[in-house]
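The values are calculated or read from the model by the stated rules, or taken from the named source; none is laboratory data. Quick caveat: nothing in here was measured; it's all calculated off a predicted structure. Please note: Cβ atoms are built from the backbone with ideal geometry, for glycine as well, and neighbour counts cover all protein chains shown. Accessible surface areas use protein heavy atoms only, side chains included; no ligands, DNA or RNA. Shrake-Rupley method; radii C 1.70, N 1.55, O 1.52, S 1.80 Å.
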Amino acid sequence: MFFYVLQNKVFTSVETVSQKLENWYNIFINNLPNIGVAIAVMILSIIISRLVYDITLKLIYKRIQQTSIMKLIARVASILVVLGGLFLSLAALNLGQLLTSLLAGAGVSGLVVGLALQGTLANTISGIVLSFRNNIQIGNWIETNGYAGQVIDINLNYFVLKEADNNVVVIPNKKIIENPFKNFSLTTKMRISLVCGVDYKSDLESVQNITITTISKFFDQEEINTQIEFYYTEFEDSSINFLCRFWIEGKSGLDKLKAKSKAIIELKKAFDNHDITIPFPIRTLQLEKQGLDQLKAYNAN
């Protein structure tokens, strides 16, 4: 009796498996055209994704100088094409429910990953945005976040400056986007402001003429269609101070320093040739007679 029951169960199981296999075979045969379409769509999407990758690189080649960001954008475009092909393939196989589940899972996963990598994603997106901005490019001399230097790289996560002392500063891209920056390379002209003081005995009109003549000699203002500005600003304890402003052709903070240094050297030479004194602070002490006698006695001893 036991063997008879066992035999029936085995027979029933084998029959059930056979029916399942037969049903799957029938489904496979019935859906064979759809499977062919799905495979063709996937192969086509892969081929198109490669073409999109190459075309995207060519389109953004002149707009973006950073190779890493160029490849990232092209790769994202190609991945989107492949994902589109995957969704079309699933739709061709009548797997709409699976497609919905994938979209829901992708949404939840994207939310979790986004929260976990919030800082990194912010820097990455900022790097992509910086790559498309025309007002900041590699090679520009900028001042931002308390640093000044030449832009040598805009990466996916950070921004690299080389300062005048050859030190390299790495700044997160997010900081560049959120904070103001000064770009010295956007214009070809820079204004130099030079402050100096002359002795009270100096002829102020002569000082003004000598200063303007000297600056004009070494920094031609006619070529850039500008004029030298000269103003006396204040009476100091030992000098009368003036402000001289002129323009130069330059695109970096280093050009500004060189021009200012040259102007100081030549202006000092011109003042020396015309006996114009740039005074140093002088302090006059007035002593009582008793104190003066004590000082004389001290010096005598």
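Any chance you could count how many residues in region 167-222 are polar (S, T, N, Q), in a strand (DSSP E or B) and within 22 Å of GLY127 (Cβ to Cβ)? Steps first, please.
Going through region 167-222, the residues polar (S, T, N, Q) turn out to be 167, 173, 179, 183, 185, 187-188, 193, 202, 206, 208-209, 211, 213-214, 216, 221.
Right, trim to in a strand (DSSP E or B) and you get 183, 193.
Still in the running and within 22 Å of GLY127 (Cβ to Cβ): 183.
Counting residues in region 167-222 that are polar (S, T, N, Q), in a strand (DSSP E or B) and within 22 Å of GLY127 (Cβ to Cβ) gives 1.
Of all residues in region 210-228 being of a type outside the set (Lys, Arg) and loosely packed, with under 12 Cβ neighbours inside 10 Å, which is farthest from GLY139 (Cα to Cα)?
If we filter region 210-228 for residues that are of a type outside the set (Lys, Arg), which is where we start, we get 210-216, 218-228.
From the residues that got through so far, the ones that are loosely packed, with under 12 Cβ neighbours inside 10 Å too are 213, 222-223, 225.
On the way: THR213: 35, GLU222: 28, GLU223: 25, ASN225: 26 Å.
It comes out as THR213.
So which residues in region 159-203 are of a type in the set (A, V, I, L, M), within 30 Å of LYS268 (Cα to Cα) and open to solvent by less than 60 Å² (accessible area, probe 1.4 Å)?
Filtering region 159-203 down to residues of a type in the set (A, V, I, L, M) leaves 160-161, 164, 168-171, 176-177, 186, 190, 192, 194-195, 198.
Pick out the ones that are also within 30 Å of LYS268 (Cα to Cα) and you get 164, 190, 192, 194-195, 198.
Within region 159-203, MET190, ILE192, LEU194, VAL198 qualify.
Examine region 259-267 for a residue that is more than 27 Å from GLN150 (Cβ to Cβ) and either modelled with pLDDT of 90 or more or under 49 Å from the mean Cα position of the chain (by Cα) (or both), and state whether such a residue exists. Even if it seems obvious, please write down each step before you answer.
Initially, region 259-267 is screened for residues more than 27 Å from GLN150 (Cβ to Cβ), giving 266-267.
Then keep just the ones that are either modelled with pLDDT of 90 or more or under 49 Å from the mean Cα position of the chain (by Cα) (or both); that gives 266-267.
Looking for residues that are more than 27 Å from GLN150 (Cβ to Cβ) and either modelled with pLDDT of 90 or more or under 49 Å from the mean Cα position of the chain (by Cα) (or both), one finds at least one in region 259-267, hence yes.
Considering every residue within region 253-263, establish whether at least one is crowded, with 17+ Cβ neighbours inside 10 Å, touching a Leu at 6+ places or on another chain (Cβ under 6 Å) and not in a loop (DSSP other than H, G, I, E, B).
There is at least one residue in region 253-263 that is crowded, with 17+ Cβ neighbours inside 10 Å, touching a Leu at 6+ places or on another chain (Cβ under 6 Å) and not in a loop (DSSP other than H, G, I, E, B).
Could you list, in sequence order, the residues of region 129-154 that are within 19 Å of VAL76 (Cβ to Cβ) and surrounded by 18 or more Cβ atoms within 10 Å (Cβ to Cβ)?
Hits for region 129-154 are LEU130, SER131, ILE154.
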